[in-house]
Amino acid sequence: MINGIMIGVIEIILFICFSNKIRNKYEQLETIHNIYYYWFMFTILTMIWEFSFIFQYDSVILLSNEYIQNKEHVWTNEYDLTYILPWRLSKIFYAEYGSYADKQYMINDNHWSLIIEGSHAISCGMGSLFGIINKINENEINYFIFISMSMGSQFMNCFLYLSNYFIQLNDPYNINYYSESFPSGWLLYKRPFMYINFFWMFMPLYIFINLIIDNHNVSIFDKKRNQNNYEQIPNI
């Protein structure tokens, strides 16, 4: 039996090992910047977590209520090693998120959380997956299209989610309204699990901007190369 923190650590280690194995098998993936590659792969893993959350929604709600009633946290609770499986890990971590970060993830009469997670899984996770597949097949145009769609959608998805969340914080009729029973603190320090969303917003923005810059630089290089080749053609 190990606690939730160790479950998360083991999951990340296995993720890195699996990602490295895939990259070593397909040398085409080695041309992707390290930061980009691991983020694309992590987005695909997140897609698995999100679909698992959607299919286990009722179970997550029940577990979230148990955490609150028993004043438990996933980080200190103990689990067996089967919880490193993505669909099992998804259940306990989303339950924690619903209990202590966004309570709309633990109510069954509001499907906002399902829309957020489902749209991210489809547009971002599937986009990254198809991007990687096209990179393996050396289809650079489709790779760029799918990855750009994935990162652009990821930024917008998280931006809209966080914007709506901050509105909820000041709405006394919303379940996420800051109160004595559910405090938020300065910069949400009393809801630290929310910080992961900022990472999900700035990483795709960073990658998306750099992809555009890289593609622009490659286009300029090709244009100059073609121009030089043309100038070197002797006049007949």
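Quick note: the coordinates plus some simple rules give every number you see, no bench work behind them. Just so we're clear, the structure is a prediction, and the values are computed from it rather than from any experiment. Every residue, glycine as well, gets a Cβ built from its backbone with ideal geometry; the counts of neighbours run over all protein chains shown.
Values for this structure:
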quantity	calculated
Chain lengthening between ILE212 and ILE54 when straightened (0.36 nm per residue, less Cα-Cα)	53.6 nm
Mean Cα-pair separation over length for the chain, i.e. relative contact order, pairs under 8 Å, 6 or more apart, %	20
Members of LYS21/LYS103; LYS91/LYS135; LYS91/LYS190 lying beyond 27 Å, as alpha-carbon distances in this model show	LYS21/LYS103; LYS91/LYS135
Long-range HN-HN contacts of TYR79 with modeled amide H, under 5 Å	ILE2, ASN3
DSSP loop GluC sites (Glu not before Pro) with at most 14 other Cβ within 10 Å excluded, longest remaining stretch of the chain	1-137
Ranked list, fewest to most other Cβ atoms within 10 Å of each Cβ, for MET6, MET1, MET201, MET106	MET1, MET6, MET201, MET106
Kyte-Doolittle mean at least -1.0 and Cα axial length at least 18 Å: DSSP H helices in the chain	4-25, 34-55, 57-70, 86-100, 140-169, 196-231
Length added when fully stretched, ASN139-TYR177, from 0.36 nm per residue minus Cα-Cα	8.9 nm
Ranking of CYS17, CYS158, CYS124 by count of other Cβ atoms within 10 Å, fewest first	CYS17, CYS158, CYS124
Three-way shape label, the chain, alpha-carbon gyration tensor, a/c 1.5	prolate
